[in-house]
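S.K.: I have a structure here, written as structure tokens, and I will follow up with some questions on it.
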Amino acid sequence: MQSSTVRTLLVRGMIAGVVAGLLAFALAYVVGEPSIDSSIALEESASAPAHEHGDAAAVPADEGEEELVTRPVQSTFGLATGVLVYGVALGGIASLAFAVCLGRVGRLRPRATAALVAGAAFTTVYLVPFLKYPATPPAVGNPDTIGKRTTLFFLMIVLSVLVAVIAVIAGRRLAPTLGNWNATVAAGGGYVLVMAVACLLLPANTDAVKETFPAALLWEFRLASLGVQALLWTAFGLIFGALVERVLRPAATATAAASSASEAVTAGSAPRTG
């Protein structure tokens, strides 16, 4: 694939990431922010009795200081900035993955390949790590273990992506022997098996959520997080697929036309007998 084509795909991937990020921001603001506000309110109400009784040990040292970023700014401009940057970055990376996969995963059209890449990215980058380390609202877990929990989550992401890449390579090498379908099933089964073992061996977040935290509110937040990611990658796959279809279809048509013309010229110049 030419460098100009890759650059075009990269730009369109980032554009699709921006649009998908806007849709994800709208959903996160509507269904995600209320559960976050409720979580923060619970945390504040739990610390209020200690403040009222003058418990110096329970009062933070920086109590009374003005917030650098207020909650309304966090839930609007902060959320929008984070989601859009996330969408643009992952859109660019996914477009490069699309360029690598195009023509190498069967005779799929660009639109179908884009949907496949988006689905695989959602599964490996978010869904599988989410099953082991599900999202938790802010001000819920032990603040002393934030670094550990973040490290474990990103370790799960790296492991999931790495195993997925190995599974794809293994599937391609097994295809000539087992056939495309059997090789795909074998590679997918291997990925599931390895990640299941990883989930069993990696430590759990035992202190991620306090025992007194309402289970319904936690479930609501996690469903909202999962829905935002699902919308982000679904929208990206559909939008990016439509954009690259317009770019690659003319090139494919021109290539096919040139091939047909070449065959016609060859047939016309062939010596006639009889």
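Read the figures in this text as sums done on the coordinates, not as results from a lab. Keep in mind the model is a prediction, meaning the values are calculated, not measured. Cβ coordinates were reconstructed from backbone atoms using ideal geometry, including for glycine residues, and neighbour counts include every protein chain displayed.
S.K.: If we count every other residue with Cβ under 13 angstrom of residue 116's Cβ, Lys/Arg +1 and Asp/Glu -1, where does the sum land? Show your work: numbers first, answer last.
M.R.: Details: positive: 104, 107, 109, 111; negative: none.
With Lys, Arg at +1 and Asp, Glu at -1, the net is +4.
S.K.: To continue, here is another question. Once phi is turned into θ = phi - 60°, what whole-Hz ³J(HN,Hα) does the Karplus curve with 6.51, -1.76 and 1.60 give for every residue of region 23-37, x standing for Gly and Pro?
M.R.: Going residue by residue, I get 5, 5, 4, 4, 5, 5, 5, 7, 9, x, 5, x, 5, 5, 4 Hz, with x marking Gly and Pro.
S.K.: Which FRET efficiency value, to the nearest 0.05, is calculated for residue 215 and residue 93 with the Förster distance at 41 angstrom and r the Cβ-Cβ distance? List each step's numbers first, then the result.
M.R.: On the way: r = 35 Å, r/R0 = 0.86.
With R0 = 41 Å, the Cβ-Cβ based efficiency is 0.70.
S.K.: Hey, got the dipole for region 86-162? About the Cα centre, +1 on K and R Cβ, -1 on D and E Cβ, debye to the nearest 20?
M.R.: Details: 7 positive and 1 negative charges, 70 e Å.
With Lys and Arg at +1 and Asp and Glu at -1, about 340 debye.
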